[in-house]
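*Asks:* My questions will all concern the structure given below.
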Amino acid sequence: MKPLLELKNVEAWYGESHVLHGVNMHVAEGEMICILGRNGMGKTTTLRTIMGNLRKRTGEITFAGKDLITTPLHRVAHTGIGYVPEERGIFATLSVEENLMLPPVVAGGGMPLREIYDLFPNLEERRNSPGTKLSGGEQQMLAMARILRTGARCILLDEPTEGLAPVIIQRIGEVLVQLKKRGMTVVLVEQNFRFAAQVADRFYLMDHGQMTAEFPVSELAAQMGMLNRELGV
Amino acid sequence: MIFGIPIQALMGQLLLGLINGSFYALLSLGLAVIFGLLRVINFAHGAQYMLGAFAALLLLQSGGISYWVALALSPLIVGIVAAFVERTMLARLYKLDHLYGLLFTFGLALVIEGTFRYFFGASGKPYPAPAALTGVVNLGFMVLPIYRGWVVVASLVICLSVWALIEKTRLGATLRAATENPVLVQNFGINVPLLLTLTYALGAGLAAIAGVLAAPVYQVSPLMGTQIIIVVFAVVVVGGMGSIMGAIVTGYLLGIAEGLTKVFYPEASNIVIFVIMAIVLILRPAGLFGKDV
């Protein structure tokens, strides 16, 4: 089966500095993959390159058969990819509901506002508060909920558990499991692989701008020694 | 008599201040809208105000097109010209230091004003107020020229509408978000370059509306923009760059402050706004309504 999202030999640059050195990756429809790796190895850059934020890039990036390299920045979302950035990207001058309604609907089948509020009751309670007045966990929920509304088929999630309390992390895990049940394709960037192990189907290990290992969740136990060494945990 | 000043004189100057304030508010609102999203200090704003007034004058002279039609048509024309300028020229400068946008719009203003001075001369041309708004009403404590009352009301309605558009609508939320984080807004699938063009056109259109409103009050002249824009920049600095409500409120307040100074100490009336600006800059560098960055 042809993958939904595929990167072939992708190189990318931040100005003059060469940051991705031939990334190869594929994600099937409905699959949840997780990119592991230490800080500064290019995980976030890979997501930003898929979204088109790094314009200086070579190689092939295709999503649902469309070439993303030639797609203008503001058209990438319309191919069906939703992005939840590392810093969450909640807008301070927008209320919670305005934040939620900001991304345009890109395809049918998105979650209606009512359902989103049922899934995240905190957001409904605080719908009129400024977005950044929410707690870190609530902001993460908002950043994810915002993409669910748009009908995106694939969601790029950058370190959703960073800096959050264990009980919130568990809640995010539950949400991810629900998304998977709905057939959502997820690309997860995580340092916390104990969390990722509970939800992801397959793992990539990233090192110095390249994918250096790839294995399914069933091999996770066998790979623990290597991961501990590589991730330094 | 209030503080030894006849109430007629006080009210007269208060009204004059309110009218000047109406223009300050409209113009500084346009500047704030443009600066908020584009981060461009639009020095061409005075020229766009002048273009608005000239468009009304030329529409009247060549086609007999009425004030009321000009009030809609003139901002549309100036807005379209501004959109063209933004797309073909200004948009190329966003990647560079903000100084380039400022220099470009400053140069543009000089070119536009120079061209108009060449063809129309420096002297002002009268523009008649529409028949429905000529005459005066006696309010008892003062005599109010109807057109001046109209300017105040029209400016208030326009300013509040623009404020509501930005603070209360989906489109406004998108504009605010694009001000905070334009790249992420593009990642959500919104065409930010188009938004920038429309915003610049909106700001220029507001200046043109102010120009049409001003045509019957002041005279239509190629220099009318240069004269007012310096004061308007002071208003924006006092209000705080990029604050929509700040620009509006400060516009009216400083207009009134200027008017009252004419009553109590006329010698200072030309500089009072700049004195206030200096004091505000010392005490609150971000402006009265600005957020510290």
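*Asks:* What lysines could a cross-link reach from B:K95, if we take a straight Cα to Cα line under 20 Å and drop same-chain neighbours fewer than 8 places away?
*Replies:* Output for B:K95: A:K56.
*Asks:* Classify segment B:33-177 as rounded, prolate or oblate from the Cα gyration tensor: take a ≥ b ≥ c as the square roots of its eigenvalues, call it rounded if a/c is under 1.5, otherwise prolate when a/b beats b/c and oblate if not.
*Replies:* Here segment B:33-177 falls in the oblate category.
*Asks:* How far is helix B:272-283 tilted off the main Cα axis of chain B, in degrees rounded to 10, range 0 to 90?
*Replies:* For B:272-283 against chain B, the angle is about 50 degrees.
*Asks:* Another one. Taking the highest mean first, how do the peptides A:79-91, B:171-183, B:56-68 order by number of other beta carbon atoms within 10 angstrom per residue?
*Replies:* A:79-91, B:171-183, B:56-68
*Asks:* Residues with amide H under 5 Å of A:V19's amide H, sequence separation 5 or more or different chain, H placed in the peptide plane at 1.01 Å from N; which?
*Replies:* A:A12, A:W13, A:Y14
*Asks:* Residue-wise, which Karplus ³J(HN,Hα) couplings in Hz belong to segment B:41-55, taking 6.51 cos²θ - 1.76 cosθ + 1.60, θ = phi - 60°, and x for glycine or proline?
*Replies:* Per residue, the Karplus-derived 3J(HN,Hα) values read 8, 7, 5, 7, 4, x, 5, 5, 5, 5, 4, x, 5, 5, 4 Hz.
*Asks:* Note the angle between two axes, namely the Cα long axis of helix B:192-214 and the longest principal axis of the Cα atoms of chain B, as a number of degrees from 0 to 90, rounded to the nearest 10.
*Replies:* With both axes taken from Cα atoms, the answer is about 10 degrees.
*Asks:* Specify the angular offset, from 0 to 90 degrees and rounded to the nearest 10, of the alpha carbon long axis of helix B:7-38 from the longest principal axis of the alpha carbons in chain B.
*Replies:* Its long axis makes an angle of about 0 degrees.
*Asks:* So who's got an amide H within less than 5 Å of the one on A:I35, skipping anything under 5 residues away but keeping other chains? H placed 1.01 Å off N, in plane.
*Replies:* Under 5 Å from the amide H of A:I35 lie the amide H atoms of A:L188, A:V189, A:E190, A:Y204, each far enough along the sequence or on another chain.
*Asks:* Multiplying the sequence separation of B:T115 and B:L171 by 0.36 nm and subtracting their Cα-Cα distance, what value in nm do you get?
*Replies:* Additional length available on full extension: 16.5 nm.
*Asks:* Give the average, rounded to an integer, of partner chain Cβ atoms located within 10 angstrom of each Cβ in B:187-197.
*Replies:* Average neighbour count from other chains, rounded to a whole number: 6.
*Asks:* Alpha carbon centre of segment A:149-189 versus segment B:51-76: separation in Å?
*Replies:* Going from one Cα centre to the other spans 56 Å.
*Asks:* Over the C-alpha atoms of segment A:102-233, what are the Rg and the largest Cα-to-Cα span, Dmax, in Å?
*Replies:* Calculated on Cα positions, Rg and Dmax stand at 16.3, 49 Å.
*Asks:* Using a Förster radius of 35 Å, what is the FRET efficiency between A:E60 and A:E124 based on their Cβ-Cβ separation? Nearest 0.05, please.
*Replies:* So the FRET efficiency works out to roughly 0.25.
*Asks:* So for each of A:56-65, B:90-99 I average, over its residues, the number of other beta carbons within 10 Å; can you give me the resulting order with the highest mean first?
*Replies:* Highest-to-lowest ranking by the protection proxy: A:56-65, B:90-99.
*Asks:* Something else now. Tell me which residues come under 5 Å, amide H to amide H, from B:L288 once H is placed; ignore anything under 5 positions away on its chain.
*Replies:* Amide H neighbours of B:L288, under 5 Å, 5+ apart: B:G239, B:G240.
*Asks:* Taking a cut-off of 36 Å, what percent of all Cα-Cα pairs in chain B are separated by more than that?
*Replies:* Counting pairs separated by more than 36 Å, the tail of P(r) holds 16 percent.
*Asks:* Calculate the mean, over all residues of peptide A:72-80, of how many other protein chain Cβ atoms lie within 10 angstrom of the residue's Cβ.
*Replies:* Across the residues of A:72-80, the mean count of other-chain Cβ atoms within 10 Å is 4.
*Asks:* Taking every pair of alpha-carbon atoms in the protein assembly as shown, what share in percent sits in each 10 Å bin, from 0 to the bin with the longest distance?
*Replies:* 4, 16, 23, 19, 15, 12, 7, 3, 1, 0
*Asks:* Now a separate question. May I ask you to give the average projected area over all directions of the convex hull of the Cα atoms of segment B:1-58, in nm² rounded to one decimal?
*Replies:* Averaging across all directions leaves 5.9 nm² for the Cα convex hull.
*Asks:* Distance cut-off 30 Å, Cα to Cα: go down the list A:K43/B:K168; A:K8/A:K181; A:K8/A:K133 and report the pairs above it.
*Replies:* Too far apart for the 30 Å limit: A:K43/B:K168; A:K8/A:K133.
*Asks:* Nearest 500 deg cm²/dmol is fine: what mean residue ellipticity at 222 nm does chain B get from its DSSP H runs of n ≥ 4 alone, each adding -39,500 (n - 2.57), divided by its residue count?
*Replies:* Per the formula, -24000 deg cm²/dmol.
Throughout, read-outs are computed from the coordinates displayed, never taken from laboratory work. Computed from a prediction, not measured in an experiment: that's the story for all the values here. We place every Cβ from the backbone using ideal geometry, glycine too, and count neighbours over all the protein chains shown.
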